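As structure tokens, the structure follows; a few thoughts come after it.
The values are calculated or read from the model by the stated rules, or taken from the named source; none is laboratory data. Predicted model only: the values in this text are computed from it and were never measured. Using ideal geometry, Cβ is built from the backbone for each residue, glycine included, and neighbour counts are taken over all protein chains shown. In case anyone asks, the SASA skips ligands and DNA or RNA and just uses the protein heavy atoms, side chains included. Shrake-Rupley method; radii C 1.70, N 1.55, O 1.52, S 1.80 Å.
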Amino acid sequence: MRNRGVFSPRFICVLAGILSSVPLHAQVQGQTVSENLQNQMGIQSQVIDSASGRQRILINGLRGEYTTVLIDGVPIQSFISSVYGLDLLPTAALERVDVTRGTGPSLLSPEAIGGTVNLVTHAAKETRVGYDFSIGNQDYRALSILGTGVDPTGKRRVVLAGQFHQQGYWDADHNQVTESPSHRNFSMLAKVTNDFTERDHFDVRGVYLQGVRNAGPTNDSVFGSLSNTGTATGFEDGNVSKRYTGPKSLILESIAITRFEITERWTHEFSNDFNLQLTGSAAGQNQDSVYQGHDYSNKDKINYLDLKFNRAVGAAHLLTAGTYFRGEHLRSESYRLFTALGIPKDDLDLIAMGLYAQDIWKLTEALELSSAIRGDYLMLNWRGRTAQDYEIAKWVASPRILLKWTHLPVLVSRFSVGQGYRAPVTFLAAEPDLVLSNRLNNVEQADSAAYSLALEQETVFGSASANWTRIRRMAYVNRKDFGQPTWVNDGGNHFVQSLDGLLGYHLTQEFSVSGGYEKFFYDDRYKKALPAAAIEDRARLIADYEGGGWGITTTAITVGSRDLRSYGYTDRYSRWDGKFATEPKRLNAPTYTTLDFRLTKAAGIHRNLKIYMGIKNLLNTLQVAKESPLYYDAQGNLKTAHVWGPLRGREYYVGIQGQF
């Protein structure tokens, strides 16, 4: 894909059981990983509540917990850290984002029920500095700097990246309660590579992340001094679409995150055909937050160690074998929840260790078979739950196969089958509602199969894929059977399938158009287990021009209507009069379309300077034009998770980027 900026990932490779050679467009002015991925084929960036703006990356329609996130191939992110920490990562430091759709093609990646997102950081190839600065409405500001350096011998290389990004809140219905939070993120990355000898290479990467997001009352002064006075119903006429008049503290959500990571990797080449790789990594993340009057903080620590051997056997086989250890420890505090209300803490210890092996076999010039197997021993202890040491202690075997068939140099099929797993790690603030009890006792597992076809010619490009997944012992929140929201393992099977296709045409060397369609199929029990309504079908149309120093990209996305009853969106109301809830929320989400536009002009002697402008959500498509994401339940409790459409309206930006 043509590079649309120094700091956006150069390209996003999407593997739908496949490595697609189809050029894919990066998200227009995406400053976070979620924004860059949200409109790619087979991928959804799902907002699960309007208050905190929690986002999860869904692959093939499978829940965000089922997406494995790697950084340079290292699983140092977890479900706990990725709820907020994923979008703090500096996209300025990313060379590309590889997305593997499905368990089979994920091969050696841990867990990966839905697939894998691998964030690949820049490798220094020359000495240069790049920058990108942009401003826009809604208090939007972004600054990115990327520097790479190579010493005269080429043996020592360094990458330095920094990014600042802020965005104001959105309150389109002017009820003085945000539909989308404000946020401010700051991140830094440093990576040093040293070739000590011709056969010994050492890499070290350090990351520091800091972010704050605020939601709830739109008057910033209330964050410092919260009033607990107000009307009993909370809103004028008890209607969530009218001005909020209740206690400010009861709608405030404020989340502050700090995170550090350090990763070291030593590669030793015994010969041109045989090497070993030793990787160690550690990360720590602190969260201090308030959720609608409930204080909550946690500290999450991860340690990872991996030893891997790679050996080429003749011209036909590439063998990999290794072992790993990974530990995660969560400790949390809350006066309101744990002391005043007596809710058990969500502290946990997770230990995972195991072995893995892989063979990439070149059967013929046209056929390549990749087969892998993982054996993982998982130990999970929720410390506040019972006196038992580990509620889960289990070996899990995960075989995976990927067959690549090159019909023609421009036409490739891929077929994959495999099994994935997940230790059902969760924490109290992961869902829209506080989950007060935990009865999880088993590992989630899944079986998957996928087929894809990719075409890449000079004038025509396209892809098509079909994906099938069966989930066993799925962890979900049961809100009916235990008197309070409770995590449990479901005893049945859940099925999720998806079909998608993309076709594009290069009308000229400078101008191309492409269109795609996706359809996701979920069984009814799976829908009810999701934290928010998922996309069921989606169509896209992209027009792209680049020539004469100009670049123009227009992207239209249409999301089809959905029956919200199947997602449990019942017994939700817009009004509360102090005794009864009335005016039920809508039970059907309408079809909607968003349109993004971006214009770029290259300047400078070597065209190393670009000036750009753009509009996101040009049509100003908003859910609040139909209804608020806020609602009352039948008991009069105010909730923030009636989400089915865009929560941010039309956004303008202008910027400049360059390098020297």
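Residue check, Gly548 against (1) over 25 Å from Leu37 (Cα atoms); (2) at pLDDT 95 or above; (3) of a type outside the set (S, T, N, Q), all met but one. Which one?
(2)
Filter segment 592-635 for residues that are over 18 Å from Tyr169 (Cβ atoms) and in contact with a helix residue (DSSP H, G or I) (Cβ under 9 Å, 6 or more places away or on another chain) and give the result.
Correct list: Tyr592, Tyr632.
Go through segment 466-486 and give me each residue that's among the hydroxyl-bearing types (Ser, Thr, Tyr) and modelled with pLDDT of 95 or more.
Thr469
Could you check segment 564-592 and list, in sequence order, the residues that are open to solvent by less than 40 Å² (accessible area, probe 1.4 Å), within 30 Å of Glu651 (Cβ to Cβ) and assigned to a loop (DSSP other than H, G, I, E, B)?
Matches in segment 564-592: Tyr569, Arg572, Lys585, Pro590.
Is it fair to say Pro105 is surrounded by fewer than 23 Cβ atoms within 10 Å (Cβ to Cβ), more than 29 Å from Tyr569 (Cα to Cα) and either basic (Lys, Arg) or over 10 Å from the mean Cα position of the chain (by Cα) (or both)?
So Pro105 fails the test.
Only strands (runs of 3 or more DSSP E) wholly contained in segment 1-101 count here; list those with 1 or more residues that are under 15 Å from the mean Cα position of the chain (by Cα) and modelled with pLDDT under 80.
Because the criterion is at least 1 residues that are under 15 Å from the mean Cα position of the chain (by Cα) and modelled with pLDDT under 80, the strands (runs of 3 or more DSSP E) in segment 1-101 that meet it are 11-15.
So is Leu189 under 30 Å from Thr279 (Cα atoms), modelled with pLDDT of 95 or more and surrounded by 22 or more Cβ atoms within 10 Å (Cβ to Cβ) or not?
yes
From the list Ala423, Ala446, which one is within 29 Å of Ala532 (Cα to Cα), buried (at least 24 other Cβ atoms within 10 Å of the Cβ), of a type in the set (A, V, I, L, M, F, W, C) and at pLDDT below 95?
So the residue among Ala423, Ala446 that is within 29 Å of Ala532 (Cα to Cα), buried (at least 24 other Cβ atoms within 10 Å of the Cβ), of a type in the set (A, V, I, L, M, F, W, C) and at pLDDT below 95 is Ala423.
Could you look through segment 130-181, keep only residues that are over 20 Å from Thr32 (Cα atoms) and touching a Phe, Trp or Tyr at 6+ places or on another chain (Cβ under 6 Å), and pick out the one that is surrounded by the most Cβ atoms within 10 Å (Cβ to Cβ)?
Per the stated criteria, the residue is Val177.
Here's the yes/no breakdown for (1) within 30 Å of Leu369 (Cβ to Cβ); (2) not charged (D, E, K, R):
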site: Lys301; (1), (2): no, no
site: Phe309; (1), (2): yes, yes
site: Leu319; (1), (2): yes, yes
site: Phe325; (1), (2): yes, yes
site: His329; (1), (2): no, yes
site: Ser332; (1), (2): no, yes
site: Arg336; (1), (2): no, no
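Quick one: which of Leu411, Leu434, Leu337, Leu369 is of a type in the set (A, V, I, L, M) and open to solvent by less than 10 Å² (accessible area, probe 1.4 Å)? Walk me through it before giving the result.
Working: Leu411 fails: open to solvent by less than 10 Å² (accessible area, probe 1.4 Å); Leu434 fails: open to solvent by less than 10 Å² (accessible area, probe 1.4 Å); Leu369 fails: open to solvent by less than 10 Å² (accessible area, probe 1.4 Å).
One residue alone meets the criteria, Leu337.
How many of the residues making up segment 309-364 are among the aromatic types (Phe, Trp, Tyr) and either over 30 Å from Asp389 (Cβ atoms) or modelled with pLDDT under 95 (or both)?
4
Those residues that are under 19 Å from Asp346 (Cα atoms), open to solvent by 40 Å² or more (accessible area, probe 1.4 Å) and without any contact (Cβ under 8 Å) to a residue 60 or more places away in the chain, I need them from segment 267-321; list them, please.
Asn286, Asp288, Val290, Asp295, Lys299, Lys301
Answer with yes or no whether Leu436 is within 30 Å of Glu179 (Cβ to Cβ) and either of a type in the set (Lys, Arg) or over 24 Å from the mean Cα position of the chain (by Cα) (or both).
yes
At pLDDT 90 or above, crowded, with 16+ Cβ neighbours inside 10 Å and in contact with a Pro (Cβ under 8 Å, 6 or more places away or on another chain), is that true of Arg385?
Criteria not met by Arg385.
Kindly provide the set of residues from segment 487-511 that are surrounded by fewer than 18 Cβ atoms within 10 Å (Cβ to Cβ) and of a type in the set (Val, Ile, Thr), ordered by number.
The one that is surrounded by fewer than 18 Cβ atoms within 10 Å (Cβ to Cβ) and of a type in the set (Val, Ile, Thr): Thr508.
Could you say which residue among Leu595, Leu618 is assigned to a loop (DSSP other than H, G, I, E, B), closer than 25 Å to Arg54 by Cα and at pLDDT 95 or above?
Sole residue among the options that is assigned to a loop (DSSP other than H, G, I, E, B), closer than 25 Å to Arg54 by Cα and at pLDDT 95 or above: Leu618.
Is it the case that some residue within segment 512-529 is open to solvent by 20 Å² or more (accessible area, probe 1.4 Å) and polar (S, T, N, Q)?
For segment 512-529, residues open to solvent by 20 Å² or more (accessible area, probe 1.4 Å) and polar (S, T, N, Q): absent.
Does Ala602 satisfy the condition of being open to solvent by less than 50 Å² (accessible area, probe 1.4 Å), closer than 30 Å to Tyr131 by Cβ and touching a strand residue (DSSP E or B) at 6+ places or on another chain (Cβ under 7 Å)?
Details: open to solvent by less than 50 Å² (accessible area, probe 1.4 Å): yes; closer than 30 Å to Tyr131 by Cβ: yes; touching a strand residue (DSSP E or B) at 6+ places or on another chain (Cβ under 7 Å): yes.
Against the criterion (open to solvent by less than 50 Å² (accessible area, probe 1.4 Å), closer than 30 Å to Tyr131 by Cβ and touching a strand residue (DSSP E or B) at 6+ places or on another chain (Cβ under 7 Å)), Ala602 qualifies.
Can you name every residue in segment 232-285 that is within 29 Å of the chain's Cα centre (by Cα) and not in a strand (DSSP E or B)?
Leu250, Ile251, Leu252
Of the numbered conditions (1) in a strand (DSSP E or B); (2) at pLDDT below 95; (3) under 30 Å from Leu363 (Cα atoms); (4) not aromatic (Phe, Trp, Tyr), Gly418 fails exactly one; give the number of that condition.
Among (1) in a strand (DSSP E or B); (2) at pLDDT below 95; (3) under 30 Å from Leu363 (Cα atoms); (4) not aromatic (Phe, Trp, Tyr), Gly418 violates only (2).
Could you list, in sequence order, all residues of segment 638-660 that are open to solvent by 50 Å² or more (accessible area, probe 1.4 Å) and among the aromatic types (Phe, Trp, Tyr)?
Tyr652, Phe660
Look at Ala556 and say whether it is in contact with a helix residue (DSSP H, G or I) (Cβ under 9 Å, 6 or more places away or on another chain), among the aliphatic types (A, V, I, L, M), closer than 18 Å to Thr621 by Cα and open to solvent by less than 40 Å² (accessible area, probe 1.4 Å). Spell out how you get there, then give the answer.
Details: in contact with a helix residue (DSSP H, G or I) (Cβ under 9 Å, 6 or more places away or on another chain): no; among the aliphatic types (A, V, I, L, M): yes; closer than 18 Å to Thr621 by Cα: yes; open to solvent by less than 40 Å² (accessible area, probe 1.4 Å): yes.
Criteria not met by Ala556.
Given the structure, is Ala454 surrounded by 21 or more Cβ atoms within 10 Å (Cβ to Cβ), of a type in the set (A, V, I, L, M, F, W, C) and closer than 25 Å to His317 by Cα?
So Ala454 fits the description; yes.
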